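Since the structure comes first, as structure tokens, the remarks are kept for the end.
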Amino acid sequence: MNHIVDSLHCLYDKLCTIEEPTFKNPSVRVLYNEVADLLSTPLSSEEEKAVISRVPFHSELIFKTATLHLKSEKLVARSFLSGEIDDVFEETWFDKKLPYVLQAQAEQWEKVGVDLKANDNKIAMIGGGALPQSQVYFTNYSGVPVTCIDRDDEVIYLVKRVLEKLKLYDLPVIQSHGDQADYQGFSLVVMAAMVEGKVEVLKRIRETSDAAVCIRNPAGLYQLMREYISVSDVEAAGYKLIDQERQGNSISMVFYPDK
């Protein structure tokens, strides 16, 4: 485990030396892939806890990862809108496993009884970002327009224009902080892995709706890059765990309101 901690320190120090990093920079891609490979090291849950406890820059790495993704998404969206690239999804930094993850997630919902194709079904995606890959996939899969909710001014501007260029005019976009939005009328709310303050967002969802909730939770050492939330914290917010399964580097957890 020592080599994992030492390598993370080294890679983190290198990342900190790069000004305004985005995935368009080949050096950043290499560093990110090295970190991802390191975090994919098979370990027991106790070993994972031990490694995480020995990383003093845990919160800083989460922040840098979120900022890196946010800036990279915005850059790709602007490149697509300017005509510099033709395919907003093919030319992105996204993990090539993402289509598999999205399909697995939709199939999981159906497995636990979420009727995605019901006429009165409404799905919200919190933290969809400037590249609406998840929003578009779940819309195509279900046939129901999926609503994107994001707090960032530029993200909202960009995602609206991206959807317009894709001629997906019927996909709603709402600007709001996740812990301030009104979720009334939604039957399913999907929380992206990069969403911050997940507990407060969950409380708000429960206050305003009876929607089922799906959370993309970081798996294993990926907790070092994304905010983790425990099942007990979700249940304390008024939910009951229905199902969870590993999908890529995340665990997809589905909860129903605990009435």
Normalised per residue, the volume inside the convex hull of the alpha-carbon atoms of the stretch 133-227 in Å³ amounts to 110
Residue span K71 to D258: 0.36 nm per residue of separation minus Cα-Cα distance leaves a gain in nm of 63.6 nm
Once label points are set 7 Å from the Cα along Cα→Cβ at both S7 and S44, what is their separation, rounded to one decimal in nm?
2.1
Tell me which residues come under 5 Å, amide H to amide H, from S176 once H is placed; ignore anything under 5 positions away on its chain.
D150, R151
Sorted from largest down, give the three principal axis spans of the alpha carbons of the stretch 112-159, whole angstrom values.
35, 18, 16
Using a simple spin-label model with points 7 Å from Cα along the Cα→Cβ vector, what separation in nm is obtained for E19 and D120?
5.8
Heavy atoms only, probe 1.4 Å: what % of the accessible area of the chain goes to carbon and sulfur, would you let me know?
49
Grab the DSSP H runs of the chain that are 4 residues or longer, score each as -39,500 (n - 2.57), total them, divide by all residues and round the 222 nm result to the nearest 500 deg cm²/dmol.
-14500 deg cm²/dmol
Read phi for every residue in the stretch 66-83 and hand back ³J(HN,Hα) as whole Hz from Karplus 6.51 cos²θ - 1.76 cosθ + 1.60, θ = phi - 60°, with x for Gly and Pro.
4, 5, 4, 5, 4, 5, 5, 4, 4, 5, 5, 4, 5, 5, 5, 5, 7, x
Over 22 Å [Cα-Cα, the stretch 36-143], rounded percent
52
Could you state the accessible area per residue of the chain in Å², with a 1.4 Å probe and every protein chain left in place?
48
Projected label distance in nm at L168 and L81, using a 7 Å step from Cα toward the beta-carbon:
1.6
Exactly which trypsin sites (Lys or Arg not before Pro) in the stretch 45-106 are in a DSSP loop and have at most 16 other Cβ atoms within 10 Å?
R54, K96, K97
Report the semi-axes of the equivalent ellipsoid for the chain in whole Å, largest first, where each axis is √(5λ) for an eigenvalue λ of the Cα gyration tensor.
29, 24, 16
Can you order the peptides 221-230, 127-136 by their average number of other Cβ atoms within 10 Å per residue, highest first?
127-136, 221-230
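The values are calculated or read from the model by the stated rules, or taken from the named source; none is laboratory data. Note that the structure is predicted; figures quoted are calculated from it, not measured. Cβ: placed from backbone, ideal geometry, glycine included. Neighbour counts: every protein chain shown. Quick note on the areas: whole protein, heavy atoms, side chains included, nothing else; ligands and nucleic acids left out. Shrake-Rupley method; radii C 1.70, N 1.55, O 1.52, S 1.80 Å.
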